[in-house]
1. Just wondering, is there one or more residues in region 93-108 that are surrounded by 13 or more Cβ atoms within 10 Å (Cβ to Cβ), farther than 18 Å from GLN8 by Cα and free of Cβ contacts under 8 Å to residues at least 40 places away in the same chain?
2. Give me the residue from region 13-55 that is in contact with a strand residue (DSSP E or B) (Cβ under 8 Å, 6 or more places away or on another chain) and part of a helix (DSSP H, G or I) and, out of that set, surrounded by the most Cβ atoms within 10 Å (Cβ to Cβ).
3. Which residues, counting only those in region 1-12, are buried (at least 18 other Cβ atoms within 10 Å of the Cβ) and among the charged types (D, E, K, R)?
4. Taking the conditions exactly as written (assigned to a loop (DSSP other than H, G, I, E, B), surrounded by 12 or more Cβ atoms within 10 Å (Cβ to Cβ) and of a type in the set (Val, Ile, Thr)), does ILE116 satisfy them or not?
5. When both residues are 6+ apart or on different chains and their Cβ atoms are under 6 Å apart, which pairs have a first residue that lies in region 40-66 and is without any contact (Cβ under 8 Å) to a residue 60 or more places away in the chain and charged (D, E, K, R), and a second that is in a helix (DSSP H, G or I) and open to solvent by 50 Å² or more (accessible area, probe 1.4 Å)?
6. Among the residues of region 74-92 satisfying the criterion of being in a loop (DSSP other than H, G, I, E, B) and either among the polar types (S, T, N, Q) or without any contact (Cβ under 8 Å) to a residue 60 or more places away in the chain (or both), which is most open to solvent (accessible area, probe 1.4 Å)?
Amino acid sequence: MKLVGITQRVEKSPKGERRDSLDQAWSRLLIPLGILPVPLPNLTEPAESIVTEFKLEGIILSGGNDLASLPDAKNTAPERDNFEHELLKVCSEKGIPVLGVCRGLQLMATHYGGKISEV
């Protein structure tokens, strides 16, 4: 099986804890395709070591959370934004493929200089 890192949304618990979360549907989708999803914690510092040490063959930037840089953002996770920007930098340097889904594609667009606008 190929190991592919997948980012997680940040949710706030009733007690105010910030928790990383990933829908179980990702595993049901990816495992039959021969891909073992590796949930990635929203920490900036170890982005390169996580990719390298786990020998990840790809990254999926999943959906959820608004980008903190958007003007009307409500459900933001700046720590996630920072981590995913670091992941993109590492993957670009190492030639590792990245798939952006919904929010993930929006982050990729802004990372490479694009702008997000409402229609």
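1. Initial filter on region 93-108 (surrounded by 13 or more Cβ atoms within 10 Å (Cβ to Cβ)): 96, 98-101, 103-108.
If we keep only those that are farther than 18 Å from GLN8 by Cα too, we end up with 96.
Going one step further and asking which of them are free of Cβ contacts under 8 Å to residues at least 40 places away in the same chain, we end up with none.
Within region 93-108 (the criterion being surrounded by 13 or more Cβ atoms within 10 Å (Cβ to Cβ), farther than 18 Å from GLN8 by Cα and free of Cβ contacts under 8 Å to residues at least 40 places away in the same chain), the answer is no, since none of the residues qualifies.
2. First, the residues of region 13-55 that are in contact with a strand residue (DSSP E or B) (Cβ under 8 Å, 6 or more places away or on another chain): 13, 18-22, 26-27, 30-31, 34-42, 50-51, 54-55.
Next, only the ones that are part of a helix (DSSP H, G or I) stay: 26-27, 30-31, 50-51.
Working: TRP26: 18, SER27: 15, LEU30: 17, ILE31: 12, ILE50: 20, VAL51: 22.
This residue is VAL51.
3. Going residue by residue through region 1-12, those that are buried (at least 18 other Cβ atoms within 10 Å of the Cβ) are 4-10.
ARG9 - this is the single residue of region 1-12 that is buried (at least 18 other Cβ atoms within 10 Å of the Cβ) and among the charged types (D, E, K, R).
4. Numbers: assigned to a loop (DSSP other than H, G, I, E, B): yes; surrounded by 12 or more Cβ atoms within 10 Å (Cβ to Cβ): yes; of a type in the set (Val, Ile, Thr): yes.
Yes, satisfied.
5. none
6. Start the filter on region 74-92 by keeping residues that are in a loop (DSSP other than H, G, I, E, B), which leaves 74-75, 77.
Right, trim to either among the polar types (S, T, N, Q) or without any contact (Cβ under 8 Å) to a residue 60 or more places away in the chain (or both) and you get 74-75.
Details: LYS74: 173, ASN75: 82 Å².
By that ranking, first place goes to LYS74.
Rundown of residues vs (1) in contact with a helix residue (DSSP H, G or I) (Cβ under 8 Å, 6 or more places away or on another chain); (2) polar (S, T, N, Q); (3) at pLDDT below 95, yes/no style:
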| residue | (1), (2), (3) |
| --- | --- |
| SER49 | no, yes, yes |
| LYS55 | no, no, no |
| GLY58 | no, no, no |
| SER62 | yes, yes, no |
| LEU67 | yes, no, no |
| GLU79 | no, no, no |
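The values are calculated or read from the model by the stated rules, or taken from the named source; none is laboratory data. These numbers were taken from a predicted model, which means no experiment stands behind them. Neighbour counts are summed over all protein chains in view; Cβ atoms, including those assigned to glycine, are modelled from backbone coordinates with ideal geometry. Ligands, DNA and RNA are excluded from the accessible area calculation, which covers all protein heavy atoms including side chains. Shrake-Rupley method; radii C 1.70, N 1.55, O 1.52, S 1.80 Å.
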